[in-house]
Amino acid sequence: MAMATLRFIGRQIVLGKQGPGLAASSTLRRALATTVGSVDKQKRLLTVRWSDKSRRDSLLPLAWLRDNCQCSGCFHPDTLSRLQLMENFDPKIGADSVQFDDASKTCSVTWSDGHVSTYKYEWLMRRSFDSESQQQRSLWYSGKHELWGSDYVIRRHPFDQ
């Protein structure tokens, strides 16, 4: 499995070149006492291991993260819509660096096209692609269904008034 290494810089973790992974290092975890992440370049997936052990690891596909960038150049906050055209999107985009800043509770990704995306920890946690999180979202968004039988009567309204 092709894993990128992470190195500790102050209170940030920076994605580096191929080599033995530091993400599992107990020294690194103690130094941060917060969040650790790794990028699997082969599966094209960012895995975030939260310091709060009650939370599951967040699994986030790189292409999905780039497509859902929340910066003002990619996302309109009033209309809650993307500003980038799909014809300009590269689904094979890679992450050149990933930084976790626990002071601001943000994760910044520098993409292979030079763009920088910053995501709040809470935003990432709520959108994880692990199976349990997906099931919870499915229940949340499914809504309540009301079925009716042959006795259902459609209300009629007089439109000639």
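Observations on the structure shown:
- Cβ crowding within 10 Å, taken as a proxy for footprinting-reagent exposure, orders S112, S81 from fewest neighbours to most as S81, S112.
- Rounded to the nearest 0.05, the FRET efficiency derived from the C-beta distance between D130 and N68 at R0 = 25 Å is 0.90.
- Cβ-based exposure ranking for C71, C107, in which fewest neighbours within 10 Å come first: C71, C107
- Each label point was placed 7 Å from the Cα along the Cα-to-Cβ direction; for L147 and N88 their separation is 4.7 nm.
- In plain terms, the residue of H157, H76 with the fewest other Cβ atoms within 10 Å comes first and the most crowded comes last, giving H157, H76.
Read-outs: derived from the displayed coordinates by stated rules, not from any lab. Owing to the predicted nature of the structure, the values given are computational and were not obtained by experimental measurement. Every residue, glycine as well, gets a Cβ built from its backbone with ideal geometry; the counts of neighbours run over all protein chains shown.
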